[in-house]
Amino acid sequence: MHYHKLEVPTMTANKLIYRQQIMSADPHAISRIVKSSGFFSAEEITLAIELAEEKLDQGNASSYQFLFAEDQDKFLGYTCFGLIPATSGSYDLYWIAVDEQCRGIGLGKDIMKKTENIIYNLGGSRIYVETSSRAQYKPTHGFYESCGYRQEAFLKDFYASGDSKIIYVKTL
């Protein structure tokens with residue numbers, strides 16, 4: 001399958017700005033967005049912030065990459081992704097999160113498309129995403145599937161009893 005560059009429509013009255021360069025205010029904005037979802041534990045929120053802080057501290061030496069979406073006034077969403085070590089073109093999507101007020105308008109799909117384009121242009125051929133099997137994640141499963149990801153693995157009771165890990169994959 002050939003993957004081609006997609007243009008992203010504007011989701012708000014103001015033109016969206018996409019950037020890959022992390023800035024010092026981003027860990028705080030990431031914290032706000034992941035907390036707003038109500039899905040993530042305190043430990044997961046701390047981890048999201050730590051990945052951004054590592055990128056700030058280490059710059060290009062960090063394996064974590066980011067894509068940020070914002071309008072002129074507000075940080076709206078982001079992805080964090082990286083090449084899986086010792087692979088040839090396989091990437092992990094560690095985080096995708098959109099501001100609570102922007103959910104349901106297509107912004108998440110647009111951020112995902114832009115991220116997929118970046119990964120493809122970096123030589124990526126597959127993207128893996130991990131998520132929980134808990135009922136509250138049903139909308140997340142639907143989101144990944146609507147973006148063309150398919151379930152590749154189901155690891156029973158991975159996180160805890162009754163909380164399995166689902167791994168989705170998309171070939172670019």
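Coordinate-derived values only; no laboratory data. Quantities reported herein were computed from a predicted structural model and do not represent experimental measurements. Positions of Cβ are backbone-derived with ideal geometry, glycine not excepted, and every protein chain shown enters the neighbour counts.
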### Summary
Once both label points are put 7 Å beyond Cα along the C-beta direction, the GLN21-TYR137 separation in nm becomes 3.5
### Task
Could you sort out which of LYS35/LYS109; LYS74/LYS109; LYS114/LYS170; LYS35/LYS165; LYS55/LYS113; LYS74/LYS170 sit more than 24 Å apart by Cα distance in this structure?
LYS74/LYS170
### Message
For the pair GLU100/SER146, report the inter-label distance in nm, with labels modelled 7 Å from Cα in the Cβ direction.
### Response
2.0
### Amide H contacts under 5 Å for LEU172, placed H, 5+ residues apart
ARG126, ILE127
### Task
Divide by every residue of the chain the summed helix terms, -39500 (n - 2.57) for each DSSP H run of at least 4, and state the resulting mean residue ellipticity at 222 nm, rounded to the nearest 500 deg cm²/dmol.
-10000 deg cm²/dmol
### Message
Counting just the Cα atoms, what span does the chain cover along each of its three principal axes? Round to the nearest Å and put the largest first.
### Response
43, 38, 34
#### Entry: Compactness index (Cα Rg / 2.2 N^0.38 Å), the range 23-119
1.05
### Message
Check which residues have an amide H placed less than 5 Å from ILE84's amide H, if you skip close sequence neighbours.
### Response
SER90, TYR91, ASP92
### Query
Can you list the residues, at least 5 places off or on another chain, whose amide H is less than 5 Å from the amide H of GLU152, using H built in the peptide plane?
ILE167, TYR168, VAL169
### Query
If you put +1 on each Lys and Arg Cβ and -1 on each Asp and Glu Cβ, how big is the dipole of the chain around its Cα centre, in Debye rounded to 20?
540
## Note on the structure
Here the range 87-99 yields Karplus 3J(HN,Hα) values (6.51, -1.76, 1.60; θ = phi - 60°; whole Hz; Gly and Pro given as x) of 10, 10, x, 9, 10, 9, 9, 7, 9, 9, 8, 10, 3
### Task
Select from GLY148, LEU107, GLY162 the residue farthest towards the positive end of the dipole of the chain; place +1 on Cβ of Lys and Arg, -1 on Cβ of Asp and Glu, and compute about the Cα centre.
GLY148
### Phi-based couplings in Hz for the range 53-67 (Karplus 6.51, -1.76, 1.60; Gly and Pro marked x)
5, 4, 5, 4, 6, 9, x, 5, 6, 6, 7, 7, 10, 9, 10
### Summary
So ILE84 and TYR159, fully extended at 0.36 nm per residue minus their Cα-Cα distance, gain in nm 24.9 nm
### Message
Using the Cα centre of the range 17-171 as origin and beta-carbon charges of +1 (Lys, Arg) and -1 (Asp, Glu), tell me which of ILE22, SER63, ALA135 is placed farthest towards the positive end of the dipole.
### Response
ALA135
